[in-house]
1. Does residue 83 satisfy the condition of being touching a helix residue (DSSP H, G or I) at 6+ places or on another chain (Cβ under 9 Å) and either surrounded by fewer than 20 Cβ atoms within 10 Å (Cβ to Cβ) or in a loop (DSSP other than H, G, I, E, B) (or both)?
2. Return the pair list, or none, for Cβ contacts closer than 7 Å from residues in the stretch 60-84 that are on the phi < 0 side of the Ramachandran plot and in contact (Cβ under 8 Å) with a residue 12 or more places away in the chain to residues that are in a strand (DSSP E or B) and loosely packed, with under 15 Cβ neighbours inside 10 Å, at least 6 apart or on different chains.
3. Only one residue in 48, 72, 97, 89 is touching a strand residue (DSSP E or B) at 6+ places or on another chain (Cβ under 6 Å) and more than 22 Å from residue 130 (Cβ to Cβ). Which one?
4. Would you check if there is a residue in the stretch 45-61 being under 13 Å from the mean Cα position of the chain (by Cα), part of a helix (DSSP H, G or I) and buried (at least 20 other Cβ atoms within 10 Å of the Cβ)?
5. For the stretch 108-130, name all the residues that are part of a loop (DSSP other than H, G, I, E, B), in contact with a strand residue (DSSP E or B) (Cβ under 8 Å, 6 or more places away or on another chain) and over 13 Å from residue 4 (Cα atoms).
6. Could you give me the residue pairs with C-beta distances under 6 Å whose first residue belongs to the stretch 25-36 and is at negative phi and without any contact (Cβ under 8 Å) to a residue 24 or more places away in the chain, whose second residue is surrounded by 12 or more Cβ atoms within 10 Å (Cβ to Cβ) and in a loop (DSSP other than H, G, I, E, B) wherever it lies, and which are 6+ apart or on separate chains?
7. Within the stretch 88-114, how many residues turn out to be free of Cβ contacts under 8 Å to residues at least 40 places away in the same chain and crowded, with 22+ Cβ neighbours inside 10 Å?
8. Among what's in the stretch 6-33 and is over 18 Å from residue 121 (Cα atoms) and in contact with a helix residue (DSSP H, G or I) (Cβ under 7 Å, 6 or more places away or on another chain), pick the residue that is surrounded by the fewest Cβ atoms within 10 Å (Cβ to Cβ).
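Every number in this text was worked out from the coordinates using simple rules, so none of it is lab data. Here the structure is a predicted model, which is why all the values come from computation and not from measurement. Every residue, glycine among them, receives a Cβ derived from its backbone with ideal geometry; neighbour counts consider all protein chains shown.
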């Protein structure tokens with residue numbers, strides 16, 4: 001199953017010690033493929049370069065390392081912002097959107113896209129149904 005990953009979701013392991021790959025498979029009860037888009041890669045790279053503290057820089061360095069475990073889509077999905085692009089890709093693939101951005105979660109659910117998110121700073125949860 002395709003799981004389209006937003007930038008903030010890649011920061012979860014460093015910030016909260018959650019293995020997003022293992023937890024996603026547990027919650028979705030199937031094998032997954034984490035997918036990232038070029039805009040997410042750029043945001044991680046920019047975050048690493050412009051981090052305001054060593055702690056934040058460490059979070060982005062860990063996120064950058066996690067990118068190697070994800071599948072990179074080389075083309076830019078339609079949309080003018082990263083949020084629009086990850087949402088459009090999740091819709092077009094029939095996959096799940098992985099994000100902790102509350103506004104993006106609401107938009108995704110409005111469009112019928114299931115959302116994987118962090119709950120209680122301890123584990124991942126699914127909002128919506130997967131087929």
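1. yes
2. So the pair list comes out as 71/33.
3. Answer to the selection: 72.
4. No, the stretch 45-61 contains no residue that is under 13 Å from the mean Cα position of the chain (by Cα), part of a helix (DSSP H, G or I) and buried (at least 20 other Cβ atoms within 10 Å of the Cβ).
5. 128, 130
6. Between residues of the stretch 25-36 that are at negative phi and without any contact (Cβ under 8 Å) to a residue 24 or more places away in the chain and residues that are surrounded by 12 or more Cβ atoms within 10 Å (Cβ to Cβ) and in a loop (DSSP other than H, G, I, E, B), the close pairs are 25/32.
7. Final tally of qualifying residues: 2.
8. Here the residue is 31.
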